[in-house]
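Novice: Below: one structure in structure tokens.
No lab work stands behind these numbers, since they all come straight from the coordinates. This structure is a prediction, so every number in the text was calculated from the model and none was measured. For neighbour counting, all protein chains shown are included, and Cβ atoms are generated from backbone atoms with ideal geometry for every residue, glycine included.
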Amino acid sequence: MHCNLINGEWRGGQPAIVNRNPSDLDDVVGEYASAGADDMREAVAAARAAFPAWSRSTPQQRADILDAAGSEILARKIELGTLLAREEGKTLPEAIGEVARAGQIFKFFAGEALRAQGELVDSVRPGVEVLISREPVGVVGLITPWNFPIAIPAWKAAPALAFGNTVVMKPAELVPGSAWALADILQRAGLPAGVFNLVMGSGRVLGPALLDAGIDALSFTGSQATGERLAADCAARGIKVQLEMGGKNPLVVADDAKLEQAVECALNGAFYSTGQRCTASSRLIVCSGIHDQFVGRLMERTAALRVGNALAAETQIGPVASESQLAGNLGYVEQGLAEGASLLCGGERLQLATRGYYQSPALFAGCTPQMAISREEIFGPVAAVLRADDYEHALALANDTPFGLASGICTQSLALATHFRRNSEAGMVMVNLPTAGVDYHVPFGGRKGSSHGPREQGRYAAEFYTTVKTAYIGL
Ligand code: NAD
């Protein structure tokens with residue numbers, strides 16, 4: 001059994017989390033120890049005890065450890081990608097890509113640890129100098145979702161450690177394997193005991209225990225419902241908090257879009273990674289001049305997508321990650337039909353050679369903005385096409401959502417692309433690209449109900465993982 005990492009020791013726990021392959025339910029990926037509230041308290045205490053020494057470690061010490069971890073992740077990307085594809089269900093190339101990204105993130109933050117921080121400013125008073133420096137926040141709790149089992153743990157843990165914080169990480173129950181591998185790599189890269197702790201198990205048990213144990217900051221990625229509850233709990237306890245939550249991301253297709261390019265963006269954004277990306281293009285807002293041609297071509301391409309075992313070379317769309325997620329997707333398909341949308345293809349459970357959670361990608365047309373499939377995050381391979389009279393109407397529809405993570409436009413017009421970039425109410429805007437698929441060295445995050453607190457990734461990550469100190473020095 002794979003154990004929890006608490007204060008530098010691998011500790012067991014019961015009952016075991018049985019990690020099953022959603023492509024083949026007979027394939028057990030591994031068993032992982034489920035921790036309880038006492039383990040969480042010990043992990044936070046260990047992180048607290050390790051903080052003074054780690055926060056005073058040199059940037060070189062931190063950079064060397066992060067760099068070594070990044071190198072090992074990159075060197076093992078095929079093995080770790082295979083593990084990830086087995087436990088989460090994205091295709092092997094997607095999984096290897098995610099692992100490579102995790103490695104690059106560690107390399108990036110190895111560099112950030114070394115970057116000079118702070119400013120020396122002349123005071124408005126004579127004989128006084130002002131020094132602005134950044135210090136680590138303290139003990140940071142990380143709670144991560146199942147859809148990016150290594151990239152999200154990496155993009156939280158790497159900056160936390162780079163800036164001198166100690167960490168307690170609680171990964172999603174569904175995918176403990178990649179998080180465990182990351183903890184093992186970090187431990188062997190030379191982190192002192194207690195600097196990084198891995199506590200696996202139920203969010204409902206471990207989440208409250210993490211907050212009650214007295215952390216200084218919490219970075220959470222997951223659903224809006226969980227995030228909102230955690231934000232209130234953190235506010236009550238004075239814990240600094242950052243939330244990345246859901247999306248209902250619009251892709252606008254303007255009348256002048258290149259047809260094949262727009263179809264490719266929609267297909268990739270809506271269905272790749274089985275639609276299980278917070279940045280997925282689940283609303284396709286198509287201007288009337290190109291609507292029928294676009295929908296016809298997208299339907300052909302969607303119906304031709306090959307759904308299958310995540311590890312098979314020919315697979316384009318892997319299984320849905322879990323039974324409850326699959327039931328939720330199929331429920332939305334029924335609701336779309338009941339509300340009067342036209343199902344052009346897909347939306348069925350598929351029985352393939354192995355027992356898994358397979359679903360054909362569902363494409364709906366004739367959707368109105370009020371329908372549940374147009375408003376709520378589904379987090380699966382279900383896309384809704386909304387017809388817009390013109391670009392202005394499309395923009396209004398795109399912004400008519402409680403979410404604001406990513407958005408996109410397909411157009412050949414610089415004027416439209418610029419107008420959309422400036423007026424889209426989203427944290428990330430794509431032009432002639434899928435709404436999903438981002439770089440690792442620039443800020444990631446959204447607006448409205450999608451995010452709360454400072455951005456993640458790139459040098460902007462310092463806003464959350466450090467706190468600013470202003471010192472006045474009389475000369
Ligand atoms: P979830 O909210 O169910 O779970 C996320 C994490 O929170 C898990 O580790 C879970 O165990 C934990 N958790 C559950 N209940 C808790 C509680 N009461 N207290 C503390 N922790 C608790 O979400 P999920 O189903 O794992 O992930 C899917 C969601 O994540 C989607 O809504 C998706 O949009 C979102 N997501 C967002 C981003 C982003 O960056 N915006 C990225 C990936 C996924």
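Novice: Rounded to the nearest 20 debye, what is the charge dipole size of the chain about its Cα centre when +1 sits on each Lys and Arg Cβ and -1 on each Asp and Glu Cβ?
Specialist: With Lys and Arg at +1 and Asp and Glu at -1, about 780 debye.
Novice: While we're here: Stokes-Einstein at 20 °C, 1.002 mPa s, Kirkwood radius from Cα pairs: D for segment 250-431 in µm² s⁻¹?
Specialist: Reported coefficient: 132 µm²/s.
Novice: Ok, one more. Can you compute the equivalent ellipsoid semi-axes for the chain, i.e. the square root of 5 times each eigenvalue of the Cα gyration tensor, sorted largest first and rounded to whole Å?
Specialist: Semi-axes from the Cα gyration tensor: 39, 28, 19 Å.
Novice: If every alpha-carbon in segment 366-475 counts as one equal scatterer, what log10 I(q)/I(0) does Debye give at q = 0.10, 0.15, 0.21 1/Å?
Specialist: Ignoring solvent entirely, the Cα scatterers give -0.39, -0.75, -1.27.
Novice: Follow-up. Using alpha-carbon positions, what is the distance between the centroids of segment 18-94 and segment 117-170, in Å?
Specialist: Each part reduced to its Cα centre gives a spacing of 20 Å.
Novice: I would also like to ask the following. If you take the charge dipole of the chain about its Cα centre, with +1 on Lys and Arg Cβ and -1 on Asp and Glu Cβ, which of 180, 113, 209 is farthest toward its positive end?
Specialist: With unit charges placed on the Cβ atoms, the residue in question is 113.
Novice: Just need the relative contact order of the chain here, percent rounded to a whole number, with Cα pairs under 8 Å and 6+ apart.
Specialist: Here the relative contact order equals 18 percent.
Novice: Something else about it: Please compute, for the alpha-carbon atoms of segment 160-291, the extent along each of the three principal axes and give them in descending order in Å.
Specialist: 61, 37, 28 Å, listed from the longest principal axis down.
Novice: Add +1 for every Lys or Arg and -1 for every Asp or Glu among the other residues with Cβ under 15 Å from the Cβ of residue 201, and state the total.
Specialist: -1
Novice: If you don't mind, another one. Which helices, counted as full DSSP H runs in the chain, have an axial Cα extent of no less than 27 Å and a Kyte-Doolittle average of 0.0 or above?
Specialist: Counting only whole DSSP H runs, the qualifying helices are 92-114.
Novice: Can you check how the C-alpha radius of gyration of segment 241-294 compares to 2.2 N^0.38 Å, as a plain ratio?
Specialist: This ratio for segment 241-294 stands at 1.28.
Novice: Show the residues, 5+ positions off or on another chain, whose built amide H is closer than 5 Å to the amide H of residue 8.
Specialist: 194
Novice: Could you compute the net charge surrounding residue 94? Neighbours are other residues with a C-beta less than 11 Å from the C-beta of residue 94; K and R count +1, D and E count -1.
Specialist: My count for the surroundings of residue 94 gives +1.
Novice: Sort the following peptides by mean Cβ neighbour count (other Cβ atoms within 10 Å, averaged over residues), highest first: 336-348, 370-382, 82-94.
Specialist: 82-94, 370-382, 336-348
Novice: Then there is this: Please state the charge dipole magnitude for segment 152-307, taken about the Cα centre, from unit charges on C-beta atoms (+1 on K and R, -1 on D and E), reported in debye and rounded to the nearest 20.
Specialist: With Lys and Arg at +1 and Asp and Glu at -1, about 260 debye.
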